[in-house]
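**Q** Next up is a structure, given as structure tokens.
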């Protein structure tokens, strides 16, 4: 049985992954769902990427987690890449779930289409506290297209403003993902349209892993809300040896 | 509960969508399946696109349909786009199901590969009444690849010759689909090979909708015959708010 | 009811297809699973493509098989193409299952990415008996990504070294696949990453068939091990009239 650490995406906290964690635990694994610094209820929205990664590094050391299947969703892909670079000996396998895969020197927005970069810049300027949010119509149609309206609204209600600096800071790595010797998997939800079609998650980002295991599953970017059981199953197929 | 209007594709009539309609009605909705002018039993095959669109506009007015989820299949995408442009206040959401999405000034054949344009021209010249038909081998292998032979033959038996002018006439719109403010969905059957792979339905045509909801479902172009239940479910996932 | 001949891929023998054959037989068909010359327990690893194809031609003549649904997996696509060219009157339908589709004058390695060509050349030089094998990490992550480790290891254990000449010899055909008048289907496992994404099985190779029937099914390149029932179902959907 394995130890899973599930690292959430932008606008989320670890709490939203609890329904997935419960199902992975039911299969006999240990599961942890920390919240990245910058997404906690009392966190400043001026947090940068180094602090965000550092918070999960600290969590793994303090909790003394070893031999970890480290899962990152979306923005969480930035974070798990940084954690794996810092604590390579504690990782059994990296699992990217519709997640960004950075090489050293890249920021998340380097992997975004221009319209999102523009939207975030405008929004951050308006909000003034360093954070960005997602407009509901984009969330409903392009992020959680596979859920009913009630699920989409409830999930939207628990999102938190996301610190823009974690998206614009460039990551610094000793080793790029393709050269990391740990096992690597990519989980691709096949109806994920959060990125426009010219900027697909797979294979555009997955191929940066070098040799990796592909797991595909029907669903939107937010399968954690629309079908936690299907997601849990996919993460275990991705996370096993 | 919603009001669905299902608009059939070329060579079809509304009758072929009855098995799908029954299943959507069973979920509590009202469903209408009009036949486009030019595909009715007694219709001339010289009908053009304006008359075709006009027949569904008239149907919606005479039947006094409002707040409609308007679904178009294949060629039906031309028709629902024209109807939405004419009666925007009566539409709640547009659902394109492996359907053409025209901008103003485009005809359906502008979105077809050259081999189909050629095939239709030759065929229309031979038939001489303004209509085109589909050869059975293309129908069986590329349109209804997911059905057994008996289903493929029975479905082929109810097809009607299609008025070519509805495919060659250019549509005239006040507003292109991307600028329409109504909700929009695209249902993509993942084994639809009716268009060759260089001319995919999604994302080539779906992206012309601007912000839209993607629903994908296993099946061929003719899922209405091969699995009406699966199609009905997908249309409802696409059609809800 | 039909007669199926299942032709295995590189590193395999007909024995590994027995669980699939049993399920097709249970649906009322006759199924044969010959082993291609070069993959048998006592075969020299210097066998070339002509001998490989000839061994299945001989098998079909000796066993007096007619009206055959001829299925080829991966490298088996080379073999069934050659068999169909030699014995066109005995074939009812060709089914390519994540298989190579050659035109006259092409070898299998002409359809491979450069990294594989390089890997095979290096490996053959080291082994010295004319054969190549697959490294386990590539097998586990890119060929059988949908199975658990135990299944991946057991399957790896029954693989046999493959004669390189069958991959480098160019095929000679009287008729290219697109011009063959027999029915043709392509079964595409949607999580097959044995070929890198720039070199997809479908549509890159499937389109060489001309008019063909597409059947897609979730699974890796080695669905025969990970889910024989799902594969058997897909092959029958592909193989029926």
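**Q** Which of the residues belonging to segment C:126-148 are closer than 22 Å to residue C:15 by Cβ, out of contact with any strand residue (DSSP E or B) (no Cβ under 9 Å at 6 or more places or on another chain) and in a helix (DSSP H, G or I)?
**A** Result: C:136, C:139, C:143.
**Q** If you go through segment C:76-95 one residue at a time, do you hit one that is in contact with a strand residue (DSSP E or B) (Cβ under 8 Å, 6 or more places away or on another chain) and assigned to a loop (DSSP other than H, G, I, E, B)?
**A** Step one: list which residues in segment C:76-95 are in contact with a strand residue (DSSP E or B) (Cβ under 8 Å, 6 or more places away or on another chain), which gives C:76-81, C:83-84, C:90-95.
In the following step, the residues that additionally are assigned to a loop (DSSP other than H, G, I, E, B) were identified as none.
No, segment C:76-95 contains no residue that is in contact with a strand residue (DSSP E or B) (Cβ under 8 Å, 6 or more places away or on another chain) and assigned to a loop (DSSP other than H, G, I, E, B).
**Q** Follow-up question, since we're still on this one. Checking the conditions here, which among C:231, C:211 is at pLDDT 95 or above, touching a helix residue (DSSP H, G or I) at 6+ places or on another chain (Cβ under 9 Å) and under 16 Å from residue C:102 (Cα atoms)? Working first, answer last.
**A** Values: C:231 fails: under 16 Å from residue C:102 (Cα atoms).
Every option except C:211 fails the conditions.
**Q** Same structure again: Please state which of the following conditions residue B:204 fails to meet, knowing it meets all the rest: (1) farther than 15 Å from residue B:77 by Cα; (2) within 11 Å of another protein chain (Cβ to nearest Cβ); (3) modelled with pLDDT of 95 or more.
**A** Among (1) farther than 15 Å from residue B:77 by Cα; (2) within 11 Å of another protein chain (Cβ to nearest Cβ); (3) modelled with pLDDT of 95 or more, the lone unmet condition for residue B:204 is (1).
**Q** Hey, could you check segment B:135-160 for residues that are surrounded by 20 or more Cβ atoms within 10 Å (Cβ to Cβ) and touching a helix residue (DSSP H, G or I) at 6+ places or on another chain (Cβ under 7 Å) and say which is farthest from the other protein chains (Cβ to nearest Cβ)?
**A** Filtering segment B:135-160 for residues that are surrounded by 20 or more Cβ atoms within 10 Å (Cβ to Cβ) and touching a helix residue (DSSP H, G or I) at 6+ places or on another chain (Cβ under 7 Å), the one farthest from the other protein chains (Cβ to nearest Cβ) comes out as B:155.
**Q** While we're here: Taking the conditions exactly as written (surrounded by fewer than 24 Cβ atoms within 10 Å (Cβ to Cβ), closer than 20 Å to residue C:173 by Cα and within 14 Å of another protein chain (Cβ to nearest Cβ)), does residue C:92 satisfy them or not? Quick ask: steps written out before the conclusion?
**A** Values: surrounded by fewer than 24 Cβ atoms within 10 Å (Cβ to Cβ): yes; closer than 20 Å to residue C:173 by Cα: yes; within 14 Å of another protein chain (Cβ to nearest Cβ): yes.
So residue C:92 passes the test.
**Q** Quick check: is even one residue across segment C:47-70 in contact (Cβ under 8 Å) with a residue 40 or more places away in the chain, surrounded by 18 or more Cβ atoms within 10 Å (Cβ to Cβ), within 15 Å of the chain's Cα centre (by Cα) and not in a helix (DSSP H, G or I)?
**A** Yes.
**Q** Could you tell me how many of the residues in segment A:182-201 are under 21 Å from residue B:212 (Cβ atoms) and either surrounded by fewer than 21 Cβ atoms within 10 Å (Cβ to Cβ) or within 7 Å of another protein chain (Cβ to nearest Cβ) (or both)? Steps first, answer last, please.
**A** The initial filter retains those residues of segment A:182-201 that are under 21 Å from residue B:212 (Cβ atoms), namely A:188-201.
Add one more test, that the residue is either surrounded by fewer than 21 Cβ atoms within 10 Å (Cβ to Cβ) or within 7 Å of another protein chain (Cβ to nearest Cβ) (or both), and what stays is A:190-191, A:193, A:195-200.
Summing the residues that are under 21 Å from residue B:212 (Cβ atoms) and either surrounded by fewer than 21 Cβ atoms within 10 Å (Cβ to Cβ) or within 7 Å of another protein chain (Cβ to nearest Cβ) (or both) in segment A:182-201 gives 9.
**Q** From the residues in segment B:28-46 that are under 17 Å from the mean Cα position of the chain (by Cα) and part of a loop (DSSP other than H, G, I, E, B), which one is surrounded by the fewest Cβ atoms within 10 Å (Cβ to Cβ)? Quick ask: steps written out before the conclusion?
**A** Kept after step one, since they are under 17 Å from the mean Cα position of the chain (by Cα), are these residues of segment B:28-46: B:31-40.
Among the residues that remain, those that are also part of a loop (DSSP other than H, G, I, E, B) are: B:33-40.
Numbers: B:33: 18, B:34: 21, B:35: 21, B:36: 31, B:37: 22, B:38: 25, B:39: 27, B:40: 15.
Per the stated criteria, the residue is B:40.
The values are calculated or read from the model by the stated rules, or taken from the named source; none is laboratory data. No experiment lies behind these values; they were computed from the predicted model shown. Cβ sites come from the backbone with ideal geometry, for glycine too, and all protein chains shown count toward neighbours.
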